[in-house]
Amino acid sequence: MSKRIYLSGASGAGVTTLGRALASALQLPHVDVDDYYWYPTDPPYAQSRPPAERVMLLNQVLAQGAWVLCGSLDGWGDELIDDADLVVFVDTPTPLRLERVNAREAQRYGARILPGGDMHAAHQAFLAWAAGYETAAFAGRSRPRHEAWLKQLKQPHLRVDGSLCVQTLLQQVQSAQP
């Protein structure tokens with residue numbers, strides 16, 4: 001079984017959920033790209049770190065050895081992906097992803113994302129961005145970019161259906177042989 005596993009997919013696909021479960025099952029450190037991509041702010045996710053700083057911080061944490069790395073390194077963290085033994089792409093239908101994003105954001109931020117809340121506008125913009133994943137009508141993470149990226153990968157990679165239960169996904173990833 002691979003000891004350096006990178007998981008990616010669209011927002012709300014279940015990448016972090018599967019990554020945490022996989023790290024726990026394999027007793028490996030779980031590393032979330034968002035923890036290094038963004039400066040800690042309130043409201044969160046307001047100011048991104050420069051790419052070189054993100055890569056440096058992630059290299060420090062990943063140098064420990066085995067890991068499960070989750071998130072989007074799209075366009076700035078390719079050198080980190082090169083160290084993965086297995087890449088897992090979590091592919092989840094957009095309606096389910098948006099449902100998950102809404103539930104996650106409501107749980108995290110409560111009334112702050114409702115009309116009149118200090119995060120309402122940012123939440124609405126985030127939902128619009130997440131909904132646009134299929135068409136690439138914007139810069140950044142999108143299905144067309146992900147599909148092109150998957151085709152050029154040199155590492156063994158696996159596509160899983162993010163609408164399946166976590167236990168089934170765990171079994172699929174754990175049975176993948178690089």
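Read-outs throughout are calculated quantities, based only on the coordinates presented, and are distinct from any laboratory measurement. None of the values given here were measured: they were computed from a predicted structure. Every residue, glycine among them, receives a Cβ derived from its backbone with ideal geometry; neighbour counts consider all protein chains shown.
What list do you get for MET56, MET119 if you sort them by fewest beta carbons within 10 Å?
Going from least to most buried by this count: MET56, MET119.
Hey, got the dipole for the chain? About the Cα centre, +1 on K and R Cβ, -1 on D and E Cβ, debye to the nearest 20?
Roughly 220 debye, rounded to the nearest 20.
Helix 51-62 against the longest principal axis of the chain: what's the angle in degrees, Cα atoms only, rounded to the nearest 10?
Roughly 50 degrees between the two axes.
Using a/c under 1.5 as the rounded threshold, could you call region 50-110 rounded, prolate or oblate? The axes a ≥ b ≥ c are square roots of the C-alpha gyration tensor eigenvalues, and prolate needs a/b larger than b/c, oblate otherwise. All intermediate terms of the calculation are to be shown ahead of the outcome.
On the way: a/c = 2.34, a/b = 1.77, b/c = 1.32.
It comes out prolate by the Cα gyration axes.
Could you tell me which of rounded, prolate or oblate describes region 1-90, using a ≥ b ≥ c as the square roots of the eigenvalues of the alpha-carbon gyration tensor, with rounded for a/c under 1.5 and, failing that, prolate when a/b is larger than b/c and oblate otherwise?
Because a/c hits 1.5 or more and a/b exceeds b/c, region 1-90 counts as prolate.
Report the one residue of TYR36, ALA23, GLY12 whose Cα lies farthest in the direction of the positive end of the charge dipole of region 1-49 (charges on C-beta: Lys and Arg +1, Asp and Glu -1; origin at the Cα centre).
Value computed over the given set: ALA23.
Before anything else, pin down the relative contact order of region 70-133: Cα pairs under 8 Å, at least 6 apart, normalised by residue count, whole percent.
23 percent
In whole Å, largest first, what are the principal axis extents of the Cα atoms in region 52-157?
45, 30, 22
Restricting to DSSP H runs of at least four residues, report the calculated mean residue ellipticity at 222 nm for the chain, -39500 (n - 2.57) per run over all residues, nearest 500 deg cm²/dmol.
Calculated from helices alone, the mean residue ellipticity at 222 nm is -13000 deg cm²/dmol.
Sequence gap at least 6, Cα distance under 8 Å: using those rules, report the relative contact order of region 90-178 to the nearest whole percent.
Worked out over region 90-178, it gives 30 percent.
Multiply the residue gap between ALA66 and LEU150 by 0.36 nm, knock off their C-alpha separation, and tell me the result in nm, one decimal place.
Result for the pair: 28.0 nm of gain on full extension.
Under the definition of Cα pairs under 8 Å and six or more residues apart, what whole-number percent is the relative contact order of the chain?
This gives 32 percent for the chain.
Based on other C-beta atoms within 10 Å, arrange VAL166, VAL55, VAL87 from fewest to most.
Working: VAL166 15, VAL55 18, VAL87 23.
Starting with the residue having the fewest Cβ neighbours, the order is VAL166, VAL55, VAL87.
Roughly what would the spin-label model give for SER48 and THR168, points 7 Å off Cα along C-beta, in nm?
Going by the 7 Å Cα→Cβ label model, 3.3 nm.
Per 0.36 nm of contour for each residue apart, how much would the distance between LYS3 and HIS120 grow if the chain were fully extended, relative to their Cα-Cα spacing?
Result: 38.1 nm gained on full extension.
Is the C-alpha gyration tensor of the chain telling us rounded, prolate or oblate? Criteria: a/c under 1.5 is rounded; beyond that, a/b larger than b/c is prolate, otherwise oblate.
prolate
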